[in-house]
Amino acid sequence: MNKTLIVLVGPTGIGKTKTSLEIAKYFNSEIVSCDSRQIYKELSIGTAVPSAIELGTIKHHFIHSHSIHDYYSASMFENEVLAFLEAKFIQHDTYLMVGGSMLYIDAVCNGIDNIPDVDPTLRQNLLDKFESEGIESLRLQLKQLDPAYYSTTDLKNPKRILRALEICLMTGKPYSGFMTRQKKERPFKIVKIGLNCSREILYRQINNRVDEMIQSGLIEEAKNVYPHKKLNALNAVGYKELFNFFDGNTTLEEAVSKIKQNTRNYAKKQITWFKKDKNINWFAPGENQKIIKLLKSSI
RNA sequence: GGUGCCAUAGCUCAGUUGGUAGAGCAACGGACUGAAAAUCCGUGUGUCCCUGGUUCAAUUCCAGGUGGCACCA
């Protein structure tokens with residue numbers, strides 16, 4: 001029998017969790033969460049982790065599996081999920097990956113190129129240099145070390161420049177040399193399902209969900225991790241805005257409306273990314289029967 | 001009721017010595033290979049409150065109206 005990974009994607013707030021439970025139940029599968037913030041055990045409310053009841057219904061993986069203090073990356077996620085599936089496909093023929101973290105989904109489905117890990121000290125040194133000298137000197141350095149990448153990349157984006165420089169300096173080879181952009185073969189079939197609806201409805205749901213998060217204690221949750229606000233894991237919608245409020249830079253009301261706004265912007269960004277993926281079969285939320293019908297015919 | 005000030009983008013406001021207008025924020029569109037809920041890029045979307053008047057030409061000047069704010073009654 002074929003092993004299949006069903007991949008359920010869509011913008012935040014569309015209702016992926018609800019749909020995923022139906023699909024998982026039908027195919028007797030477990031769920032692999034693909035969410036770059038739900039993996040942190042310190043975060044629950046602001047990341048919209050499924051409820052205890054939902055988690056009890058279907059076995060979930062990669063939720064609360066790491067700590068905000070751990071270093072994590074899309075590549076690590078790729079490796080961990082592939083290792084997990086390899087071991088688990090003995091038990092189930094079908095697994096369901098659900099989430100909205102675009103790069104993570106891509107890493108699992110298509111793979112990302114093998115590039116050596118970066119030494120944290122080097123990263124910090126480059127960051128310091130960026131702080132003190134600005135982006136221009138880093139840009140010049142990259143131009144020398146990797147002219148090919150320099151000519152194609154977004155030169156105004158510090159993260160792109162820093163990343164490329166890190167690899168060039170660490171390996172002594174151009175960063176672009178590592179990028180094959182070749183799709184990796186997977187030992188299982190992948191079927192992608194996308195959920196989307198009108199912008200108006202989606203945005204209304206997002207706004208409501210943020211209000212619910214606040215009522216459920218998001219402020220308290222954010223307060224608990226506030227001492228670690230500099231961690232990358234906490235550079236996340238729902239937390240950074242509240243940190244601003246704790247710092248006294250905004251009112252609570254402003255912070256909440258900023259959370260709504262940033263969540264809407266994030267949803268839009270996800271839609272833009274997913275639109276490009278021609279392998280996604282699109283459905284409206286609630287079309288579970290149609291989704292299951294399509295899955296049955298393609299598994 | 002009287003006097004004064006104001007009315008321009010979704011919001012806050014610039015501006016046009018008369019030639020139909022532009023900033024910030026929002027919004028919208030896009031990029032994306034180990035930080036990705038991150039990071040970055042692009043786009044002005046307009047009955048310049050309404051009706052008349054002066055003028056070749058009015059969002060701009062004038063008159064009246066409407067709405068808002070302030071002060072005086």
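Might you work out the accessible area of A:K223 for me, using a 1.4 Å probe with all protein chains in place, and round it to the nearest 10 Å²?
110 Å²
Per q in 0.25 Å⁻¹, report the Debye log10 I(q)/I(0) for region A:50-125, using one uniform scatterer on each alpha carbon and no solvent.
Evaluating at q = 0.25 Å⁻¹ gives log10 I(q)/I(0) of -1.39.
I'd like the chymotrypsin sites (Phe, Trp or Tyr not before Pro) in region A:18-89 restricted to DSSP loop residues with at most 15 other Cβ atoms within 10 Å, sorted by number.
Taking region A:18-89 and a limit of 15 other Cβ atoms within 10 Å, the loop chymotrypsin sites (Phe, Trp or Tyr not before Pro) found are A:Y71.
Provide A:R204, A:R186 ordered by accessible surface of protein heavy atoms (probe 1.4 Å), highest first.
Correct descending sequence by accessible area is A:R204, A:R186.
Using the eigenvalues of the Cα gyration tensor, what equivalent ellipsoid semi-axes result for chain A when each is taken as the square root of five times the eigenvalue, whole Å, largest first?
So the three semi-axes of chain A are 33, 27, 18 Å.
With all pairs of different alpha carbon atoms counted, what Kirkwood hydrodynamic radius in Å does region A:128-178 show?
10.6 Å
Ignoring ligands and nucleic acids, what accessible area does A:S257 show with a 1.4 Å probe (Å², nearest 10)?
We get 70 Å² for A:S257.
When the chain is fully extended, how far beyond the present Cα-Cα distance does A:M76 get from A:E22, taking 0.36 nm per residue of separation?
Contour length minus Cα-Cα distance gives 16.6 nm.
Quick one: pull the percent of accessible area on region A:47-128 belonging to carbon and sulfur, 1.4 Å probe, ligands and nucleic acids left out.
Percent of accessible area from carbon and sulfur atoms in region A:47-128: 54.
Go through A:M102, A:M97 and list them by solvent-accessible area, largest first, probe radius 1.4 Å.
A:M102, A:M97
Please report, as a whole percent, how much of the solvent-accessible surface of region A:213-274 comes from carbon and sulfur atoms (probe radius 1.4 Å).
Carbon and sulfur: 50 percent of the exposed surface of region A:213-274.
Which trypsin sites (Lys or Arg not before Pro) in region A:128-167 sit in a loop by DSSP (not H, G, I, E or B) and have at most 15 other Cβ atoms within 10 Å of their own Cβ?
Sites meeting the loop and neighbour criteria: A:K156.
Which value in Å does the Kirkwood hydrodynamic radius of region A:88-245 take, with 1/r averaged over all unlike C-alpha pairs and then inverted?
19.7 Å
Net charge within 14 Å of A:I259 by Cβ-Cβ distance, Lys/Arg positive one each and Asp/Glu negative one each, not counting A:I259 itself?
Taking every Cβ under 14 Å from that of A:I259, the sum is 0.
Per residue, how many Å² of accessible area does chain A show with a 1.4 Å probe?
53 Å²
The values are calculated or read from the model by the stated rules, or taken from the named source; none is laboratory data. Just so it is clear, the structure is predicted and the values come from calculations on it, not from any experiment. In this analysis, Cβ positions are derived from the backbone assuming ideal geometry, glycine residues included, and neighbour counts consider all displayed protein chains. Calculation scope for accessible area: heavy atoms of the full protein, side chains included, ligands and nucleic acids excluded. Shrake-Rupley method; radii C 1.70, N 1.55, O 1.52, S 1.80 Å.
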